[in-house]
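Down below is the structure, laid out as structure tokens.
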Amino acid sequence: MPDNSQKDSPQKEQPRRRQARGERRITQLLEAAASVFCTTGYTAASTSAIAREAGVSPGTLYQFFPNKEAIAIELGDRLMHEMREAYGEALAPVAPATPLEEAVGAAVDRFIAFNCDHPVFFALMHGPDIPGRIAEEHDALHATLISRVQDLLLSLLPDARPADVTRTAHVCLGVYKAGLELVLSHEGAERDAYIEEIKKVLIGYLGPLVGDRLGTTGTTAATAPRPA
């Protein structure tokens, strides 16, 4: 009986090649869009500028995306997926003996690294006129991030009241986001200096709450979270 696998393989390979070429083109367009969004912001960006940055015609761009909102949504979806994958590593509960400085430093370094590798993430998530779907995704992302920060804090503050942990998580995330804009607007040694300042602020804030349980001094009856 003849083997048809060899005969069929060329026909099967054609769609795969077209699919691979299409995915490469999409990646090219998304990388160009990321560059344009970072340079001009989402509102001022245009499909013509994105096509020019990608080195293709606007007609080629429209074969894959109907408008710049669709590009931003696809780019945002991919970045959201990567960011969510980073949560597990960056905000995993820590061992009881882990020093506070180490726990905070590891979390900050991983999130800073992601945002420095993908500066467009900040531009899309915090722009004044981002598409509604991205805004909704950002809200969901924020809620997830708060939940993960709470889990991390609970490993540092096992006796704290839930309301105290939630409040502390919001403050930590607010401090980080405020510092992130400064980090992304600088490079080299100055960027590193701002990263260290963020760590100092967070450690200084959490230190009195955590106390010497993780090798940090400063806990008092007035500042330690009350047991539930």
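Every read-out reported here was derived from the displayed coordinates using simple, explicitly stated rules and does not represent laboratory data. Source: prediction; values computed, not measured. Note: ideal-geometry Cβ built from the backbone for every residue, glycine included; neighbour counts use all protein chains shown.
What length, rounded to one decimal in nm, is gained on full extension from Thr40 through to Ala95, with 0.36 nm per residue of separation minus their alpha-carbon distance?
Values: separation 55, 0.36 × 55 = 19.80 nm, distance 4.36 nm.
Full extension of this stretch gives 15.4 nm more.
Run the Debye formula on the Cα coordinates of the range 11-66, all scatterers equal and no solvent, and tell me log10 I(q)/I(0) at q = 0.20, 0.21, 0.23 1/Å.
Taken in order of the listed q values, log10 I(q)/I(0) reads -0.68, -0.73, -0.83.
Provide, in order from the shortest bin, the percent of all Cα-Cα pairs of the range 69-216 in each 5 Å bin, continuing until the bin that contains the maximum pair distance.
Per 5 Å bin, starting at zero, the Cα-Cα P(r) for the range 69-216 comes out as 2, 9, 19, 22, 20, 14, 9, 4, 1, 0, 0 percent.
Would you mind calculating the relative contact order of the range 85-203 from Cα pairs under 8 angstrom and at least 6 residues apart, reporting the percent as a whole number?
Contact order relative to length: 34 percent.
Please give the contour-minus-distance gain from Ala143 to Arg24: 0.36 nm per residue of separation, less the Cα-Cα distance, rounded to one decimal in nm. Intermediate results must be reported in sequence, preceding the final value.
On the way: separation 119, 0.36 × 119 = 42.84 nm, distance 3.28 nm.
Net length gain for the segment: 39.6 nm.
If each Cα of the range 147-210 is one equal point scatterer, what is log10 of I(q)/I(0) from the Debye formula at q = 0.17, 0.20 Å⁻¹?
The Debye formula, applied to the Cα set alone, gives -0.61, -0.77.
What distance in nm separates the simple spin-label points at Ala70 and Glu82, each placed 7 Å from Cα in the Cβ direction?
With each label point 7 Å from Cα toward Cβ, the separation is 2.3 nm.
Under a crude label model (7 Å from the Cα following the beta-carbon direction), how far is Val201 from Arg110 in nanometres?
It is 2.2 nm.
At 0.36 nm per residue, and after removing the present C-alpha to C-alpha distance, how many nm does the segment from Arg191 to Ala163 gain when stretched out fully?
6.7 nm
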